[in-house]
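The numbers here are math on the coordinates, done by the rules we state, and not lab data. Keep in mind that this is a model prediction, so the values were computed, not measured. Virtual Cβ from ideal backbone geometry, glycine too; neighbours counted across all protein chains shown.
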Amino acid sequence: MNATLVWVTNGDRTNPAARLRGFEVADALKRTHGVDSLFAPFVLKAPPAALVFQKVCDERAVLLARQMKATPCRVLYDLCDPIWMQVDENRQRGWRVDEMIAAVHHVIVPTSGMADAVRRRYPTVSVVRIPDALDLRQPELRPRSVHANAGVLRVGWIGTALNMEHLSMAAPALQALHQEQPLVLRLITAPHQGMIPALPGFPVEFIPWEPGAWAERLRECDIAAIPMPVTEWTRTKSPNRLQLCLALGVPAVVSPLPAYLELLSGHDAVAFVAATPDEWPVQLRRLLDPGVRNAVALEGRRVIQAHYSLEQTLGLWFKALVG
């Protein structure tokens, strides 16, 4: 197909959102539909079929969006967080969220919660929901083959400094569990985000996030913990961390964020939700049995393949970007 897309991403392939909702989508559109994509730095000699901004909304981005909107180019803004709430941060980095949303044709969001938040803030905006999805063709996303008893239970966590503080929600349960079953908490995060919180009572290992190794380090874990408070901000969050765990065959205990509950709805076999502090030790203990973990690993991978693989969502991207 003679169509070219231009992407302005918030980071390179090492940025999770840029990879999931930019580079990997572009790779798949090229592979399956022959659609070419350009990433920064780029020079536009003619309007592309579509121009996609991912979070970025500085003065130059807003100006480019306005210019391209006056042409046949489709101008879209991919927004995974309600960043209009970050008033001080936006001022410091010169981001103009309201102006960008007014300058585009459509806002793309990953969750129902985010769609609702955008519509409440911007009632007249056109919102397109495209869930986060994984390219399961990638060898690094192969699932764990088998769970077995081990002397030490490895509990995995993956994220950024922004949500690392939420680990304190699960800390008491991990402390108690460690008295019964020796464990180690593995934190996988970017090297510059090694702000490891004080988590007394059990060992913690810090694994720097690296493009070619992070999936293997997570797959080595027996279970995962994804604690996060339910707030106005997190109600919009994507379940991509849970998607990663299930795709890799690692059962996860999670907080009851709307997108997590939506993913787990109808899939009780993989649902381990801790809504209160008392529920964290209960849910963690359910996963001490390797037989349970093996069953969860098989079903979890099936759920991701059926509903959250890039193959399943690529048609939505094609329709939004190319038509």
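Using all C-alpha to C-alpha distances in the chain, build P(r) with 20 Å bins and read off the rounded percent in each one.
Result, from short to long distances: 31, 55, 13, 0 percent.
Cα gyration tensor of the range 183-301, axes a ≥ b ≥ c as square roots of the eigenvalues: rounded (a/c below 1.5), prolate (a/b > b/c) or oblate? If you can, show how the numbers build up before the last one.
On the way: a/c = 1.33, a/b = 1.20, b/c = 1.12.
Because its axes are fairly even, with a/c under 1.5, the range 183-301 counts as rounded.
Using a cut-off of 19 Å between alpha-carbon atoms, which lysines can reach residue 319, once sequence neighbours fewer than 8 places away in the same chain are excluded?
Within the straight-line limit of under 19 Å, residue 319 reaches these lysines: 30, 69.
For the range 104-146 and the range 63-101, write down the distance between their C-alpha centroids in whole Å.
17 Å
Kindly write out, for the range 230-242 in residue order, the coupling ³J(HN,Hα) from the Karplus curve 6.51 cos²θ - 1.76 cosθ + 1.60 (θ = phi - 60°), rounded to whole Hz, with x marking Gly and Pro.
Each residue's phi maps through the Karplus curve to give 8, 10, 4, 6, 6, 4, 9, 5, 7, x, 5, 5, 5 Hz.
³J(HN,Hα) across the range 150-163 via Karplus (A = 6.51, B = -1.76, C = 1.60, θ = phi - 60°), whole Hz, x for Gly/Pro?
Rounded to whole hertz, the list is 9, x, 10, 7, 9, 9, x, 8, 9, x, 10, 4, 5, 10.
Hey, what did the range 139-307 get for relative contact order, percent, Cα under 8 Å, at least 6 apart? Please list the in-between numbers first.
Values: 290 pairs, mean separation 43.9, N = 169.
RCO, the range 139-307: 26 percent.
Compute the helix-to-body angle for 310-321: its Cα long axis versus the longest principal axis of the chain, expressed 0 to 90° and rounded to tens.
The answer is roughly 20 degrees.
Using the Karplus curve 6.51 cos²θ - 1.76 cosθ + 1.60 with θ = phi - 60°, work out ³J(HN,Hα) for each residue of the range 110-118 in order, rounded to whole Hz, and write x for Gly and Pro.
With coefficients 6.51, -1.76 and 1.60, one gets x, 9, 5, x, 5, 4, 5, 5, 5 Hz.
Among 141, 134, rank each residue by its count of other Cβ atoms within 10 Å, from fewest to most, as a rough exposure measure. Intermediate values should be presented prior to the final figure.
Numbers: 141 17, 134 23.
Fewest-to-most Cβ neighbours within 10 Å comes out as 141, 134.
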